[in-house]
Every structure is written in C-alpha cells, then in structure tokens.
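K.L.:
Before I ask anything, here is the structure I am working with.
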Amino acid sequence: MPQNRTMSAPKPDPTREPSTDAPIELSATLRSLAADYKERPAQVGEILDTLGPRGSALLVVMCALPFSTPISLPGISTPFGLVILLLAARYFAGKPPWLPQRLRRVVIPPAFFGKILSASSRFVGFLERWLKPRLSFLANAEWKLRLHTAVVILSAVLLMLPLPPVPPFTNTLPALVAVVMTLSTLKRDGVGILAGYALFAFTIGYFIFWGAVIVEAFQRYGGKLLSLFGAGD
C-alpha cells in the first residue's frame, strides 16, 4: 500500500471552512484502492486512515455504493449503514472522523473494491461529470454542509433496517441519497444538494407507501391467517 498518502495527509479539522481547491475524484480513488487491496483483505479502519482528510466522506460513499444498484446484497446493509451513520453523525456534530474499534476491525474481502467499481463506475463517473460548484449559497459555510449531512444520517438509518428483499429498492434508494448528497457537498454543488433532498423526499414517500400497503394487507388478511393457524392447533 502506498505510504505517502497517510503520512503527508493533514488531520481533518471539522471546524475549518470548506475548501474547493482539491477536486474529488472518487473513481480514481476506487481504482487505487482496488489495486492496493486486489489480493489481500482490508480493514475499515485502515481504509479510513489511508483516504486522508476527506476519508470519512469518501468512506461514506464507498459503503453506500454496493447498495446503489438493484443487485441484492443481503446481510451487510446493517453494518455498512452503521459505518455511514457514525461517520455522518460525527461530521454533523463538528467532530473529527471516528469509528469504534469493533467497526475499524471489520475485514473487507479481497477484490471487493473491484466489484464495487465494476458495478458502479458508470454511475460514479456520471456524477463526477455532472457535479460542479453551483448555487454556492447552499454550500458556502461549514454549518450548511453539516445540516445537509442530516439527510445522510437519516438515510443510513433506513439502510440499516433489516427489511426483506420485498418490497424492492428499500436499500437502493437510501444508498443513492447518501451517495448523491455526500458527493454534492464534497463538490460544493447546490444543484446536487437540492437533487439529494428531492431524492430523499421520494425515498420517504416510497417507504410510507409500502408501509401503508403492508399495514392494509395485514388488516385485510392477517385475521384470516391467524384464524387458520388457530384452527389448526
């Protein structure tokens, strides 16, 4: 693993005014990590340290990317959602990135980043080409960026819910919100931030709709099913 990225990177200062000088190239970062960890496992804490001062935001995106496609990944949305939740909550509170040792020691299998890149490269590339500094009044102060991070926190909570694969997209939509909102704040793109809010509103509506469908179905058929099971006792 290249050493100069961690040794030369300054420690993050959550109270510092955001800078737009350094471009965020997530696709290049993913390719670099895929090469570094092609044949060996990686710990979440090691990746966070390697990514440098903006490691928390990039790790949020990387943890959300596996769920931003319709491909189902059962069993891992809860720990990945917890990583997103903790990192986003720390930033929201104006504190430096931190994860408990238990999460830092979580091992990601070899070639995992290669799979993420192959499944999400077009989407990430599209976002990187589309996002640029616009509507600067939405992203010209640190407190505004923290406020936008609240949407990422709520999306992480939705991602953590142990829901079955039906209804569909219950992982995909919160993950997309986290990716779009995080990358938009990194790029200081007010248009992208507004798109993140719109996608989050749609996600909430989607969850409410399916929640109402499930409740209605239970009210309509739940009693009959319970009576059938009761009759069999």
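The values are calculated or read from the model by the stated rules, or taken from the named source; none is laboratory data. Note that the coordinates shown come from a computational prediction; the quantities given were computed from them, not determined experimentally. Positions of Cβ are generated from backbone atoms using ideal geometry, with glycine treated the same way; all protein chains shown enter the neighbour counts.
K.L.:
Test of understanding: among Pro70, Pro110, Pro79, Pro96, which residue is loosely packed, with under 12 Cβ neighbours inside 10 Å and of a type outside the set (A, V, I, L, M)?
P.N.:
Pro70
K.L.:
Quick check, is Gly192 over 24 Å from Thr78 (Cβ atoms), in a helix (DSSP H, G or I), at pLDDT 85 or above and among the small types (Gly, Ala, Ser)?
P.N.:
yes
K.L.:
For the structure I just gave you, tell me whether Lys38 is surrounded by fewer than 17 Cβ atoms within 10 Å (Cβ to Cβ), under 23 Å from Val180 (Cα atoms) and either touching a Leu at 6+ places or on another chain (Cβ under 7 Å) or not polar (S, T, N, Q) (or both).
P.N.:
So Lys38 fails the test.
K.L.:
Turning to a different aspect of this structure: Quick check on Val151: is it crowded, with 23+ Cβ neighbours inside 10 Å and modelled with pLDDT of 95 or more?
P.N.:
Considered against the rule, which asks whether it is crowded, with 23+ Cβ neighbours inside 10 Å and modelled with pLDDT of 95 or more, Val151 comes out as yes.
K.L.:
Okay, next question. Only one of (1) under 26 Å from Ile214 (Cα atoms); (2) part of a helix (DSSP H, G or I); (3) over 18 Å from the mean Cα position of the chain (by Cα) fails for Leu176. Which number is that?
P.N.:
If we test Leu176 against (1) under 26 Å from Ile214 (Cα atoms); (2) part of a helix (DSSP H, G or I); (3) over 18 Å from the mean Cα position of the chain (by Cα), just (3) comes out false.
K.L.:
Any residue in region 74-95 that is in contact (Cβ under 8 Å) with a residue 24 or more places away in the chain and farther than 13 Å from Val61 by Cα sitting within a Cβ distance under 8 Å of a residue that is part of a loop (DSSP other than H, G, I, E, B) and among the polar types (S, T, N, Q)? List the pairs, counting only those 6 or more apart or interchain.
P.N.:
Close Cβ pairs (under 8 Å, with a partner that is part of a loop (DSSP other than H, G, I, E, B) and among the polar types (S, T, N, Q)) amount to Ser77/Asn171; Gly94/Thr15.
K.L.:
Which condition number does Cys63 fail, the rest of (1) of a type outside the set (A, V, I, L, M); (2) at pLDDT 85 or above; (3) more than 18 Å from Pro110 (Cβ to Cβ) being met?
P.N.:
Just one mismatch for Cys63, condition (3).
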